[in-house]
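The structure appears below as structure tokens.
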Amino acid sequence: MKIYAVGIGSGSKDGITYEAVKTIENSSVIVGYDKYVELIGDLKKDKKIYTSGMRQEKDRCQKAIDLALSGETVAVVCSGDAGVYGMAGLICELAEGFPELDIETVPGVTAAASAAAKLGAPLMHDFAVISLSDLMTPWETIEKRIRAAAEADFVICFYNPSSRKRADYLKKACTYMLEYKSPSTMCGWVRNIGRDGEEKGICTLAELTDFQADMFTTVIVGNSTTKVINGRLVTPRGYDIR
């Protein structure tokens with residue numbers, strides 16, 4: 001009776017860890033959001049598959065638990081890291097009444113790390129990760145966290161910065177940050193990390209205010225020391241390099 005919560009990174013073959021590959025290969029059933037299951041390609045060959053669409057996370061995790069209790073070895077695949085906005089926590093919550101169920105989280109490369117790598121080295125000092133999706137978190141709470149992180153001069157990485165129903169959320173976040181951060185604060189964004197159509201860019205916080213992001217974009221806002229060095233977004237760690 002085993003469930004693995006498996007982070008598959010950005011979805012590219014080069015972005016999935018060896019541990020994740022071996023875990024999926026050794027599982028009898030794969031459960032996940034249909035788009036993420038597609039991303040693992042041939043790894044799903046000869047496996048039992050259970051997929052569903054957006055906003056059906058609870059049903060997927062409950063199905064995984066039921067399958068594991070029936071004797072299957074189940075891999076629940078998540079983009080990025082399964083323990084960072086992934087399914088690991090929900091699986092543990094739903095399985096509270098089944099202490100005999102063996103649950104293991106297999107880490108993956110979360111979007112903050114993979115986006116930072118594409119942009120340079122913007123996360124070299126303290127940073128905060130904030131999702132702008134208010135499906136499960138009230139916007140008032142998200143706003144409070146944005147203001148607190150900005151006032152503390154954290155580098156801030158935004159997940160889920162925009163969608164058709166939340167087209168102005170990134171703009172609102174920028175407005176809050178501009179109360180504490182300079183308009184010239186250096187920022188960066190990456191869209192479709194590790195996938196077809198990957199794009200990236202560097203801009204100021206003032207310019208980011210009017211940037212059109214989507215759900216496949218990860219945005220990084222620098223702190224007061226973040227700068228561009230030879231085209232790379234860098235937040236100095238504080239080493240004496242004189």
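Key figures
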item	result
The chain - convex hull of alpha carbons, volume per residue in Å³	140
Longest segment of the chain lacking GluC sites (Glu not before Pro) that sit in a DSSP loop with at most 11 other Cβ atoms within 10 Å	1-95
Part-to-part distance (alpha-carbon centres) for region 147-186 and region 71-108, which is given in Å	31
Residues Ile229 and Glu143, FRET efficiency given R0 of 41 Å [Cβ-Cβ distance, rounded to 0.05]	0.80
The chain, accessible surface, carbon-and-sulfur percent (1.4 angstrom probe)	50
Label-point separation, Asp42 to Asn26 (7 Å along Cα→Cβ), nm	2.1
Accessible area per residue, Å², the chain with all protein chains present, probe 1.4 Å	52
Cα coordinate range in region 160-226, projected on the principal axes (Å, largest first)	35, 27, 14
Hypothetical label at Asp126: residues of region 221-236 whose amide nitrogen lies under 19 Å (7 Å Cα-Cβ projection)	221-227, 235-236
Segment Glu199-Gln212, length gained on full extension (0.36 nm per residue, minus Cα span)	3.4 nm
Potential lengthening between Glu96 and Asp34 on full extension [0.36 nm per residue; Cα-Cα distance subtracted]	19.7 nm
Inter-label distance, nm, simple model (7 Å from Cα along the C-beta direction), Met1/Arg164	4.2
Count of lysine pairs in region 73-203 with Cα separation under 16 Å (8 or more residues apart, or interchain)	6
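The values are calculated or read from the model by the stated rules, or taken from the named source; none is laboratory data. Everything quoted here is computed from the prediction, not taken from an experiment. Virtual Cβ from ideal backbone geometry, glycine too; neighbours counted across all protein chains shown. The area values use the complete protein model at the heavy-atom level, side chains included, leaving out ligands, DNA and RNA. Shrake-Rupley method; radii C 1.70, N 1.55, O 1.52, S 1.80 Å.
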